[in-house]
Amino acid sequence: MKISKMFKIQERKIYGFVGYGLVAPYIIYTIIFWVYPFIWGLIISFKKWNIISPEKEFIGISNFLKVIHDPLFWISFKNILFFMIVYVPIVIICSLGVALLLRRIKFLQAFFASGYLMSYVSAGVAYSIVFSLLFSGDGLINNWLSNFGITIPWFSSPKIAMASIAIIVVWKYLGYYSLIFLAGLQSIPSSLYESAEIDGASNWTQFWRITVPLLNPAFTIILIFAVMLSFNIFTEPYMITGGGPLDSTQTFVMQIYHQTFTALHAGYGSSFAIVVAIISFTFVFAIRKTVEREISY
Amino acid sequence: MINRLMTLLIYIAIYTIVMSCRSSKVEVDAKNVEYWTAPSVELSRFESKMVEKWNSSHPDSPIDWKTIPAGTTSEEVLLTAIATRTGPDICSNIFGGFAAQLADAQVLVALDTLPGFWDVMEKRKMTNIIRNNWFYKGHVYVIPVYVNPEMIWYNKKMLDKSGITKLPRTYSEFFTLLENVCISQEVYGLTVDVSSKWYRRWFDYLTLYAAASGGEPYLDVNRKEAFFNNEAGIAVTEFFFKVFEKGYAPRFEIQDGFQKELFFASIKGAGEIVRTKRMYPDLEYVITPLLVPDYYPNDAPVYTLAESKGMVLFNTSQQKGESWDFMKWYFSGEHDSLWLELTNFLPAREDLIGNPIFIEYFNNNPDIKLYAETLDFSVPLVLTPQTVEIQTILNRELWQPIIFGLKSPAIASRDANQTIQRILKSGP
């Protein structure tokens, strides 16, 4: 073998080690905190177990059948769909609007962008408490509204409690999604707009014919994030409404948490989680199939 | 190559898990008796003094004390700790239902099997309390530390303003007063917790049930029966239904509504007195026994529900002997006047009224004495490992529909009773 070829093989080996070394922490993390709990969750979903007892009784698919017949599963599903209907369009329209505004800003763009990101990095429990105080029956917002003779039962009316929570979650994720849209907008070549302008296309036409189609990757990823978040929503309803009033803010994760850690039905909680994961993946798969498009500039 | 590396990574992961488990086991073996208590300022003041006293007099078996780490509820934090084997040897702040769950999971020591148990109970004057209320499946797993009975508070200014001299005893008398006192959306009649947190039902529905039923339990765990659909259950449901229907309570939360003088009356435990005095020193109120239905005999005593928290010993403890020694010392009865002084919670003992060591305290705290006087007519929570499930169903089938007027009281009582009975029969 030629010496140069041997060096090349050695070099490739070294690069390989460096590469695997760099991803190793993430793989270890994934194995410990995702793969292991997932397999464990899968195993206990076929068992009756109360977390603390050493005894685990194998009960086949009983837990899964119980999930399907649990009225709270369907109530949570309905609530999640309602949340999605309110949350997804609002967060997408608002974050796209903010991204379009940010793109027009010539100075301090990063400052404003990171300003919007502040809500994303704030602690869920902390802002949930702040919002629950602000919007409570005797909170600041209602005190101010009472000057006009209006009181809105933000979290105490079964009809609007979930929508109120959706609005809070929009506030949290607006900045993050805006940044994704902004990155998408910045990747669209300006030459496309220039040639469209020369052809006499209006701003509106440019938006619908250039911006929207070319934002498809950003739009798809945000849609997937938003839908997955809807399935995973927990902190806000748990902290603010506790699932009430009249179960109108019950969510899947709240049920999983309640069954596992409060009622001590860990097996049932696991099977609940698996069913929810299957539904959630189905939604994501459907979105990718219907929305995702390959784009080229 | 990739396969080798993946194998190596998996080995590293497994090694990390095994080593972390091993190291925690070593820690468990080497540590002192670990004692966890409620994360409350008042209770911590007492516990720190107790641990200090114990450690100075028992240097050979010191106690490591800490409050239960922060979490949504103490129960959830403890469960996680037990499941991960990082829990304490002894823990207080355990309610009966949770103790029953832990006992079923075989993680608690049956305390009545330990030497000198009944002597300690006798010393603290709590033998009857234990015999009547704290046996679960033939054993005692938790020793109650304190009891917190509920009574009803009325705003004194509103009483004086309306010229009310006779306080109501029955629901009808109460509603008649509310017609005069309440002002639409300005002054409400009764604070009622509208949240669907399962444990909140101890402080409203189940409390009034204890009064309406003359102290009868709301469940018979052995016969797997619920009693929410009887005369008392329906009367209490009708009472709350009317409170919401007439607008005497809002369908949203108002923090400290009674203390802010937005409400005429409120059901509260003795534990609220000190906080209210500290935060709302100008508030004047009158404390009386709970309301009862109109059918309730005039000469019968009014019962109440007393939430109670106690201490347990985990059988995972490596120092059971030392832990039990500490518990015996803790419940020797000698520390209860200090307990009252520092926490203002009523110790779970039968001789609070009449024992000379408490006279001075009660003379200085007449409001708390009122609560102590009800202890003979206070009933405890039913010991069942299904407490959470039962009260979650109570919320879903009865409480929330009543708040929003979606079910009649009779139907809500029937639905709740049927579902709870089904749950009792299916077991934990």
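The values are calculated or read from the model by the stated rules, or taken from the named source; none is laboratory data. As the structure is a prediction and not an experimental result, all values here were calculated from the model. Every residue, glycine among them, receives a Cβ derived from its backbone with ideal geometry; neighbour counts consider all protein chains shown. To get the accessible areas, we keep the full protein, side chains included, count just its heavy atoms, and leave off ligands, DNA and RNA. Shrake-Rupley method; radii C 1.70, N 1.55, O 1.52, S 1.80 Å.
Remarks
- Enumeration of residues in region B:338-362 that are closer than 22 Å to B:H58 by Cα and touching a strand residue (DSSP E or B) at 6+ places or on another chain (Cβ under 9 Å): B:W339
- Test: B:G233 is more than 20 Å from B:V379 (Cα to Cα), touching a residue at least 40 places away in the same chain (Cβ under 8 Å) and more than 20 Å from the chain's Cα centre (by Cα): no
- Residue within region B:90-102 that is closer than 15 Å to B:E34 by Cβ, modelled with pLDDT of 90 or more, within 22 Å of the chain's Cα centre (by Cα) and away from chain A (no Cβ under 14 Å) present: yes
- Filter pass, A:S230 being open to solvent by less than 10 Å² (accessible area, probe 1.4 Å), within 20 Å of the chain's Cα centre (by Cα) and small (G, A, S): yes
Conditions tested, residue by residue: (1) within 12 Å of chain B (Cβ to nearest Cβ); (2) over 27 Å from B:Q106 (Cα atoms); (3) open to solvent by less than 100 Å² (accessible area, probe 1.4 Å).
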residue	(1), (2), (3)
A:I28	yes, yes, yes
A:F33	yes, yes, no
A:P37	yes, no, yes
A:L42	no, no, yes
A:S45	no, no, yes
A:W49	yes, no, yes
A:I52	yes, no, yes
A:I68	no, yes, yes
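- In summary, B:A410 fulfils each of the numbered conditions (1) away from chain A (no Cβ under 14 Å); (2) at pLDDT below 95; (3) open to solvent by 30 Å² or more (accessible area, probe 1.4 Å) with the single exception of condition (2).
- Per the listing A:A263, A:A277, the residue uniquely within 14 Å of chain B (Cβ to nearest Cβ) and without any contact (Cβ under 8 Å) to a residue 40 or more places away in the chain is A:A263.
- Which listed residue is over 23 Å from the mean Cα position of the chain (by Cα), surrounded by fewer than 18 Cβ atoms within 10 Å (Cβ to Cβ) and more than 14 Å from chain B (Cβ to nearest Cβ), from A:I85, A:I61, A:I90: A:I61
- Restricting region B:287-311 to residues that are among the aliphatic types (A, V, I, L, M) and outside any loop (DSSP other than H, G, I, E, B), the residue that is surrounded by the fewest Cβ atoms within 10 Å (Cβ to Cβ): B:I287
- Residue count for region A:129-145 satisfying the condition of being open to solvent by less than 60 Å² (accessible area, probe 1.4 Å), within 12 Å of chain B (Cβ to nearest Cβ) and in a helix (DSSP H, G or I): 2.
- Identity of the residue in region B:383-400, hydrophobic (A, V, I, L, M, F, W, C) and under 18 Å from B:D220 (Cα atoms), that ends up farthest from the other protein chains (Cβ to nearest Cβ): B:L383
- Only one of the numbered conditions (1) farther than 21 Å from B:N315 by Cβ; (2) open to solvent by 10 Å² or more (accessible area, probe 1.4 Å) is not met by B:F46, and that is (2).
- Given (1) of a type in the set (D, E, K, R); (2) open to solvent by less than 70 Å² (accessible area, probe 1.4 Å); (3) within 12 Å of another protein chain (Cβ to nearest Cβ), index of the condition A:K159 fails: (2)
- Residue check: A:F219 meets all listed conditions (1) under 27 Å from A:S114 (Cα atoms); (2) not in a helix (DSSP H, G or I) but one, namely (2).
- Residues (of a type outside the set (A, V, I, L, M, F, W, C), touching a helix residue (DSSP H, G or I) at 6+ places or on another chain (Cβ under 6 Å) and not in a loop (DSSP other than H, G, I, E, B)) located in region B:396-428: B:E397, B:P401, B:P409, B:S413, B:D415, B:T419
- Of B:P217, B:P168, all but one fail to be under 21 Å from the mean Cα position of the chain (by Cα), surrounded by fewer than 21 Cβ atoms within 10 Å (Cβ to Cβ), assigned to a loop (DSSP other than H, G, I, E, B) and at pLDDT 90 or above; the exception is B:P217.
- Among the candidates B:N132, B:N128, residue that is touching a residue at least 60 places away in the same chain (Cβ under 8 Å), open to solvent by 50 Å² or more (accessible area, probe 1.4 Å), assigned to a helix (DSSP H, G or I) and over 30 Å from A:T235 (Cα atoms): B:N128
- Taken over region B:91-114, residues that are without any contact (Cβ under 8 Å) to a residue 60 or more places away in the chain and either crowded, with 16+ Cβ neighbours inside 10 Å or assigned to a loop (DSSP other than H, G, I, E, B) (or both) amount to 3.
- Residue in region A:173-187 that is open to solvent by 40 Å² or more (accessible area, probe 1.4 Å), more than 14 Å from chain B (Cβ to nearest Cβ) and more than 21 Å from the chain's Cα centre (by Cα) present: yes
- Of the residues in region B:228-247, none is assigned to a loop (DSSP other than H, G, I, E, B), open to solvent by less than 30 Å² (accessible area, probe 1.4 Å) and out of contact with any helix residue (DSSP H, G or I) (no Cβ under 8 Å at 6 or more places or on another chain).
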